[in-house]
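The values are calculated or read from the model by the stated rules, or taken from the named source; none is laboratory data. Predicted model only: the values in this text are computed from it and were never measured. Note that we place each Cβ from the backbone using ideal geometry, even for glycine, and neighbour counts take in every protein chain shown. Ligands, DNA and RNA are stripped out before the accessible areas are found, and what is left, the full protein with its side chains, is counted by its heavy atoms. Shrake-Rupley method; radii C 1.70, N 1.55, O 1.52, S 1.80 Å.
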Amino acid sequence: MMLTTRLPSAGAAAPMGLRPTSNWRRFRVSADGFPSFLPKQVEKIKDPFARKLATRIERVPVQISSDSCIMSSCVKPTTEEKTNPVVLLHGFDGSCLEWRHTLPLLEEAGLETWAVDILGWGFSNLERLPPCDVASKRDHLQQFWMSYIKRPMILVGPSLGAAVAIDFAVNYPEAVHKLILIDASVYAEGTGNLSKLPNSVAYAGVYLLKSTPLRFYATNLSFNGLPFSTCLDWTHVGRLHCALPWWEDTTVNFMKSGGYNVCSLIEQVKQKTLIIWGEDDQIIDNKLAVRLHCELPNAIIRQIPNCGHLPHVEKPNDVAKLISEFVQADC
């Protein structure tokens with residue numbers, strides 16, 4: 001692997017055009033190396049890969065309007081390579097910690113790899129409560145790309161992140177060289193009737209969404225036979241960002257905005273696309289993988305046996321190998 005220029009840290013000078021703020025500084029870290037903006041519950045997580053990746057999470061300024069800047073959470077690559085950078089999104093109400101097992105393998109393979117938290121989820125500072133609808137999420141990702149990545153990228157979207165990736169690739173084709181969609185949730189027609197709920201009911205539902213029992217059930221359903229202790233620990237990883245004080249507001253905002261409906265955009269995707277699917281996905285019917293493959297103009301499909309809904313967590317070696325081969329295919 002060829003190593004080149006090391007990227008600037010969170011303590012470097014702000015990008016041109018952004019005013020320095022009191023938040024633009026090197027964040028304090030705990031004794032274990034965790035940034036101070038992470039919820040204190042991070043210290044209870046046992047997964048060593050999650051703990052290690054958590055120490056690398058940074059907040060960087062992203063200008064979303066002439067007078068508004070969001071300190072946005074991400075994991076930066078350790079080096080800058082000559083190939084197209086790989087940019088990892090996450091699923092519904094997730095965070096960059098989804099990539100705790102696969103991101104290090106991609107870096108070992110010599111890929112410049114970013115993990116970016118989608119606006120409204122993850123560990124960004126959203127104290128000012130920006131809109132978190134589809135258009136706002138798209139614009140935020142575009143501004144992040146313009147500020148930091150600046151080259152056509154390999155955009156990777158798992159689950160609902162696949163809808164985010166398709167929406168972005170169609171609207172900003174110059175920013176996306178290739179697409180990788182993992183167990184893609186792209187056929188739901190938005191949030192449906194949930195968008196019409198009264199605020200009180202919506203907040204009650206969102207409060208339930210972050211409960212440990214519900215998250216444990218969802219985690220157990222997402223994987224193919226996890227031991228109880230692992231399932232409980234991964235539940236804590238998956239709900240860590242829910243402890244931030246603005247999480248309920250931003251999640252309700254997204255839910256009531258109508259959510260993603262990208263069915264009509266699938267045939268407009270021009271980029272080469274790799275579809276990865278766990279054969280034992282209990283969340284999204286495996287038949288939709290075949291449908292997506294048929295509807296995308298330029299796609300290949302690879303299925304992973306004995307694997308559930310989140311192959312990048314459950315089968316990281318397989319996923320890293322597939323991504324690396326796809327990225328390097330025309331190099």
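Numerical summary
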quantity	calculated
Residue satisfying condition, being touching a Lys or Arg at 6+ places or on another chain (Cβ under 9 Å) and small (Gly, Ala, Ser), within set SER185, SER200, SER222, SER229	SER229
Tally of residues being open to solvent by 80 Å² or more (accessible area, probe 1.4 Å), closer than 13 Å to LYS178 by Cα and of a type outside the set (Asp, Glu) across region 298-328	1
Tally of residues being open to solvent by 30 Å² or more (accessible area, probe 1.4 Å) and either modelled with pLDDT under 95 or not basic (Lys, Arg) (or both) across region 28-67	17
Residue under evaluation GLU98, criteria (1) within 21 Å of PRO39 (Cβ to Cβ); (2) open to solvent by 40 Å² or more (accessible area, probe 1.4 Å); (3) part of a helix (DSSP H, G or I), criterion not met	(2)
Every residue from region 181-210 that is among the polar types (S, T, N, Q) and surrounded by fewer than 16 Cβ atoms within 10 Å (Cβ to Cβ)	ASN193, SER195, ASN199, SER200
THR83 vs. criteria among the β-branched types (Val, Ile, Thr), modelled with pLDDT under 95 and surrounded by fewer than 22 Cβ atoms within 10 Å (Cβ to Cβ)	yes
Cβ-Cβ under 9 Å pairs, at least 6 apart or on other chains, region 174-197 side within 29 Å of MET146 (Cα to Cα), far side assigned to a strand (DSSP E or B) and charged (D, E, K, R)	HIS177/LYS272; LYS178/LYS272; LEU179/LYS272
Matching helices (runs of 4 or more DSSP H) fully within region 209-328 where at least 3 residues are of a type in the set (A, V, I, L, M) and more than 23 Å from TRP114 (Cα to Cα)	212-222, 287-295
Candidates VAL164, VAL252 - the one that is under 29 Å from PRO35 (Cα atoms), touching a Gly at 6+ places or on another chain (Cβ under 9 Å) and free of Cβ contacts under 8 Å to residues at least 60 places away in the same chain	VAL252
Evaluation of MET255 against (1) within 20 Å of the chain's Cα centre (by Cα); (2) at pLDDT 95 or above (one fails), failing number	(2)
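Yes/no per residue for (1) over 20 Å from the mean Cα position of the chain (by Cα); (2) in contact (Cβ under 8 Å) with a residue 40 or more places away in the chain:
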site	(1), (2)
ASP233	no, yes
TRP246	no, yes
SER264	yes, no
LYS270	yes, yes
ASP280	yes, yes
GLU314	no, yes
GLU325	yes, no
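Here is a yes/no grid of residues against (1) surrounded by fewer than 24 Cβ atoms within 10 Å (Cβ to Cβ); (2) part of a loop (DSSP other than H, G, I, E, B); (3) out of contact with any Leu (no Cβ under 7 Å at 6 or more places or on another chain):
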site: GLY110; (1), (2), (3): yes, yes, yes
site: ILE118; (1), (2), (3): no, yes, no
site: LEU129; (1), (2), (3): yes, yes, yes
site: MET146; (1), (2), (3): yes, no, yes
site: ILE154; (1), (2), (3): no, no, yes
site: GLY161; (1), (2), (3): no, no, no
site: LEU179; (1), (2), (3): no, no, no
